[in-house]
Amino acid sequence: MDPAQDPPPATASHWHLQDAHELARQHGVDPAHGLPEEEASRRAARHGPNEIRGRPGRGLAGLFIDQFKDFMILVLIVAAVISGVIGELIDTLAILLIVLLNAAIGFVQAWRADKAMAALQQLAASQARVLRGGRTLAVAASAVVPGDIVLLEAGNQVPADLRLIEIAQLKVDESALTGESVTVAKHTSKLTGVAHALGDRLNMAFKGTTATHGRGRGLVVATGMTTELGKVAALLDRDVDRSTPLQLRLAAFGKLLALAVIAICGVIFLVGVLRGEAPLLMVLTAVSLAVAAIPEALPAVVTVLLALGARRMVSQSALVRRLPAVETLGSVTYICADKTGTLTQNRMRVEVLLADGQEWLPGAADPGPAHLELLHAAALCNDASRGPDGAWQGDPTETALTQAALQAGLDKAALERQFPRLQELPFDAQRKRMSTLHRTDAGIVAYTKGAPEAVIPLCSTQWRADGPVALQQAEMLAAAEALAVRGLRVLALARRSHAALPATGEAEAVESGLSLIGLLGLIDPPRPEAAAAVRDCRSAGITPVMITGDHPATALAIARRLGIVVDGYAEVLTGPELTAMAEPVLRERVVSVRVYARVDPAQKIRIVEALQARGEFVAMTGDGVNDAPALKQADIGVAMGRGGTDVAREAASLVLLDDNFASIVAAVREGRRIYDNIRKFVRYAMTGNSGEIWTIFLAPLLGLPIPLLPIHILWVNLVTDGLPGLALAAEPAERGIMRRPPRAPQESLFARGLWQHILWVGLLIGGLCLALQAWAMSSGHAHWQTMVFTVLTLSQMAHVLAIRSETQSLFRIGLASNRPLLGAVLLTVALQLATIYVPPLNPIFKTQPLSLLELLLCLGASAVVLVAVEIEKLWLRRRQPAPA
């Protein structure tokens with residue numbers, strides 16, 4: 001063995017498929033002595049530090065400047081400059097304040113997103129115990145090199161990827177990397193086959209995981225970014241820039257609006273000048289109209305809507321980390337959910353006992369003698385213990401067994417006092433069983449517990465209360481397989497009586513000639529509310545998909561219980577199958593597959609990307625480090641608040657405080673409500689702006705003077721777009737909001753009749769204003785300009801009340817169901833009346849007090865808008881009845 005030889009490249013071999021001592025030879029190291037110090041230094045210089053690296057984060061200044069690149073924001077900045085030039089400093093300050101508020105929120109969101117890599121780097125162990133030159137040394141984990149021999153004990157964090165050489169009852173918590181909460185028993189034998197998911201590589205220990213029991217010695221085969229944790233970091237470090245549906249729609253809206261405003265204002269200026277109006281007045285009018293036509297309150301309204309929605313979601317156990325995610329939830333078409341802890345309760349439970357040919361369910365009455373003996377054995381051949389708070393602690397499977405025994409009146413602590421443990425053969429991953437020996441009045445009894453295929457072949461008889469009978473091994477193995485097909489984790493328990501205590505460690509004497517007591521089936525049960533949430537998803541047009549690291553049979557059984565798949569569905573796509581699948585084939589398969597099992601981090605990203613390539617909007621849940629890249633790639637990454645890792649939470653847009661799938665569905669409902677309310681604001685604001693444009697544009701064409709002064713346009717813009725628009729944020733959800741399919745991600749903000757509504761109601765408002773103007777001028781009313789000014793304001797108040805629902809009548813939903821909006825409307829009406837009837841304001845706003853008849857005419861004309869929109873909604877209801 002040449003200690004100076006370089007280890008093979010990390011990507012060249014499948015470490016778990018090779019013999020440990022042969023690997024040590026390839027790495028040039030004697031496992032009994034470790035690397036010489038000088039060789040370790042040479043390898044450190046060659047391979048670099050054992051650290052997780054990320055790209056340098058963007059500077060704070062760069063992050064802040066990025067927030068001003070949005071087209072809508074640039075349009076608002078131009079509007080602010082124009083307002084300042086024409087002397088409207090209040091408008092300038094208001095617009096700039098809105099722009100800065102949005103930039104600050106976007107800056108905080110981008111800064112949070114850059115913290116995901118920092119959280120991943122914190123998983124790295126700070127110290128490691130290595131064998132170098134025959135001595136045990138404590139070194140910085142960053143100094144570990146390929147070929148080092150690392151010593152592990154319970155509580156140690158694994159500093160690098162290790163091929164295990166020696167172990168003593170070593171168990172490792174790999175939940176941070178794989179997402180599965182059950183600790184993994186390790187062994188040292190090489191594996192056979194080709195494809196093995198991370199959770200199946202039982203002779204490996206991975207960087208970032210933690211030893212929980214026993215001890216071990218392993219060969220470092222990968223460090224830094226070549227480790228499995230490093231590969232996750234590389235996936236997390238990819239550029240993923242998928243704009244949310246709302247960002248895409250607002251960007252398109254901003255560009256269209258800017259072009260339309262420039263064109264309309266140019267036409268109005270030319271028509272006015274050609275008609276003989278003063279050029280300066282027409283410049284001011286055109287510029288005022290340009291400022292008024294841009295709904296500068298839109299970013300503020302969107303921000304307020306999202307912020308209020310995020311606040312409401314906290315009460316539903318969903319914490320929003322990035323505000324745009326609130327609205328994106330309303331576009332979700334697929335929810336890819338992790339099984340453990342999200343769809344299930346993340347705790348094992350004994351589902352069924354099979355003994356003496358009879359099944360018995362825990363909690364049911366009258367367990368038979370064989371069932372009681374089965375629970376007796378499960379409680380004694382068990383390492384669970386009571387903690388200070390009285391709760392059972394230990395392996396989740398063993399605590400479930402003690403709980404099942406307790407349900408049948410068998411207390412583990414009392415049994416241990418009555419039948420003390422004298423000796424044990426601990427569980428190991430190669431034997432797949434454990435045995436304990438206990439003193440009884442009749443002598444010594446050994447209980448053996450383990451996988452059916454590891455216990456049943458050692459049994460020669462079937463235990464019965466009236467004496468053992470011959471065992472049909474093939475039948476019992478078939479019964480165990482039948483339970484496994486139901487998605488249960490199956491354990492077999494057996495016993496043997498001894499006249500005297502066998503010699504310590506004599507496994508063959510203890511674990512042979514056994515008498516099989518029976519089988520136990522365990523499951524991580526579905527959450528009670530998850531099935532209803534899955535039904536809600538389906539009725540809302542959202543496809544729920546399960547992605548898990550668990551076995552295919554277990555995943556399929558849970559999916560059937562929850563309604564994710566129907567009885568008879570048997571298609572489960574596994575990690576090894578995904579590895580062999582080309583991208584075009586995967587894109588076809590994702591349409592029909594509802595259950596994925598044994599997948600790794602890169603495969604989760606492939607699933608998300610395949611769905612996105614088909615135009616789907618994907619929400620992905622996860623809790624482990626392995627989930628973080630997929631959470632970042634998904635349109636909505638949903639992390640677990642209780643059992644999740646910091647890395648997953650930093651990569652996600654939404655954190656479930658109760659780790660509950662039902663909370664995602666509640667968040668989707670809120671997202672849909674918010675988007676509906678954003679559309680209502682656009683409907684309201686753009687219709688009002690359309691009315692102003694039609695009024696000024698058509699007046700010269702009809703031979704009428706320009707009906708509004710610049711001060712009138714800016715005032716209408718200020719009072720109508722402000723409080724009433726913001727109050728739409730409080731609008732309750734539409735009826736049947738979760739009984740309609742998700743909107744298409746490519747759908748325009750103006751789809752489903754919105755642009756037609758803006759056009760015809762804007763024309764109606766403009767027509768009412770001009771009709772009143774023409775009547776007032778022809779009948780000698782000198783206050784015609786004040787009347788037009790008042791109708792333009794009040795008709796928008798009538799409009800905002802009418803469009804609170806797209807289909808339901810205002811008189812059905814009730815004026816008081818949105819009190820903030822009702823208050824905003826009354827306040828706006830009061831302010832408008834103040835500009836007319838408060839003498840000091842008349843010269844400022846160029847108004848004159850109206851007579852009672854003139855005011856009633858203004859109110860009547862404005863009410864026409866409310867009636868017209870109600871007729872439109874009646875027509876829509878008859879065309880397509882609203883969902884119940």
Which of the residues that make up region 541-578 are within 20 Å of the chain's Cα centre (by Cα), at pLDDT 90 or above and part of a loop (DSSP other than H, G, I, E, B)?
Gly541, Ile542, Ile564
Quick one: which residue in Ala861, Ala798 is under 18 Å from Leu718 (Cα atoms) and either buried (at least 22 other Cβ atoms within 10 Å of the Cβ) or modelled with pLDDT of 95 or more (or both)?
Ala798
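Criterion first (charged (D, E, K, R) and surrounded by 21 or more Cβ atoms within 10 Å (Cβ to Cβ)) does Asp550 satisfy it?
Details: charged (D, E, K, R): yes; surrounded by 21 or more Cβ atoms within 10 Å (Cβ to Cβ): yes.
Here the answer is yes, as Asp550 does meet what is asked.
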Any pair with Cβ under 7 angstrom, 6 or more apart, that starts in region 307-321 at a residue that is in contact (Cβ under 8 Å) with a residue 24 or more places away in the chain and ends at one that is acidic (Asp, Glu):
Gly309/Glu670; Arg312/Glu670; Met313/Glu670; Ser317/Asp658
Of the conditions (1) assigned to a helix (DSSP H, G or I); (2) buried (at least 19 other Cβ atoms within 10 Å of the Cβ); (3) among the hydrophobic types (A, V, I, L, M, F, W, C), Val585 fails just one. Which one is it?
(2)
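Only one of these is modelled with pLDDT under 90 and not hydrophobic (A, V, I, L, M, F, W, C): Pro745, Pro840, Pro820, Pro849. Name it.
Pro745
Just give me the residues in region 723-751 being among the basic types (Lys, Arg) and either over 24 Å from the mean Cα position of the chain (by Cα) or over 15 Å from Glu327 (Cα atoms) (or both), in sequence order. I'd like the intermediate steps shown before the answer.
Taking region 723-751 first, the residues among the basic types (Lys, Arg) are 735, 739-740, 743.
Within region 723-751, Arg735, Arg739, Arg740 qualify.
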Residues in region 195-220 that are under 15 Å from Thr178 (Cα atoms), open to solvent by 20 Å² or more (accessible area, probe 1.4 Å) and in a strand (DSSP E or B) total 1
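Among the candidates Lys632, Lys680, which residue alone is of a type outside the set (S, T, N, Q), in a helix (DSSP H, G or I), modelled with pLDDT of 85 or more and under 30 Å from Phe789 (Cα atoms)?
Working: Lys632 fails: under 30 Å from Phe789 (Cα atoms).
Matching residue, one of Lys632, Lys680: Lys680.
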Among (1) touching a Leu at 6+ places or on another chain (Cβ under 8 Å); (2) modelled with pLDDT of 90 or more, where does Leu764 come up short?
(1)
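Going by what's in this entry, would Gln430 be described as open to solvent by 70 Å² or more (accessible area, probe 1.4 Å), modelled with pLDDT under 95 and not in a loop (DSSP other than H, G, I, E, B)?
Values: open to solvent by 70 Å² or more (accessible area, probe 1.4 Å): yes; modelled with pLDDT under 95: yes; not in a loop (DSSP other than H, G, I, E, B): no.
Answer is no for this residue.
Regarding Ile523, is this residue within 30 Å of Gly450 (Cα to Cα), of a type in the set (A, V, I, L, M, F, W, C), open to solvent by less than 10 Å² (accessible area, probe 1.4 Å) and touching a residue at least 40 places away in the same chain (Cβ under 8 Å)?
Judged against the criteria, Ile523 is a match.
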Tell me, please, whether a residue that is modelled with pLDDT of 80 or more and on the phi > 0 side of the Ramachandran plot can be found in region 110-132.
no
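If only one of Ala666, Ala685 is in a helix (DSSP H, G or I) and surrounded by fewer than 24 Cβ atoms within 10 Å (Cβ to Cβ), which one is it?
Values: Ala685 fails: surrounded by fewer than 24 Cβ atoms within 10 Å (Cβ to Cβ).
None of the other options fit; the residue is Ala666.
Could you check how many residues of region 489-520 are of a type in the set (A, V, I, L, M, F, W, C) and either without any contact (Cβ under 8 Å) to a residue 24 or more places away in the chain or open to solvent by 10 Å² or more (accessible area, probe 1.4 Å) (or both)? Don't jump to the end; show me each part of the working.
Our first condition is that a residue be of a type in the set (A, V, I, L, M, F, W, C); within region 489-520, this holds for 490-494, 499-501, 503, 507, 509-510, 514, 516-517, 519-520.
Filter once more, keeping what is either without any contact (Cβ under 8 Å) to a residue 24 or more places away in the chain or open to solvent by 10 Å² or more (accessible area, probe 1.4 Å) (or both): 490-491, 499-501, 503, 507, 509.
Qualifying residue count, region 489-520: 8.
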Going by the conditions given, is Ala79 modelled with pLDDT of 70 or more and surrounded by 15 or more Cβ atoms within 10 Å (Cβ to Cβ)?
no
The conditions are (1) without any contact (Cβ under 8 Å) to a residue 40 or more places away in the chain; (2) under 38 Å from the mean Cα position of the chain (by Cα); (3) not in a helix (DSSP H, G or I), and Val655 fails exactly one of them. Which is it?
(1)
Could you name every one of the strands (runs of 3 or more DSSP E) located completely within region 295-400 that has at least 2 residues being surrounded by fewer than 19 Cβ atoms within 10 Å (Cβ to Cβ), among the aromatic types (Phe, Trp, Tyr) and at pLDDT 80 or above?
none
Considering region 829-858, residues that are of a type in the set (Ser, Thr, Tyr) and crowded, with 18+ Cβ neighbours inside 10 Å, and then whichever is farthest from Leu709 (Cα to Cα), we arrive at Thr835
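The values are calculated or read from the model by the stated rules, or taken from the named source; none is laboratory data. Just so it is clear, the structure is predicted and the values come from calculations on it, not from any experiment. As a convention, Cβ positions derive from the backbone with ideal geometry for all residues, glycine included, and neighbour counts pool all protein chains shown. Note: accessible area is taken over every heavy atom of the protein model, side chains too, but ligands, DNA and RNA are not part of it. Shrake-Rupley method; radii C 1.70, N 1.55, O 1.52, S 1.80 Å.
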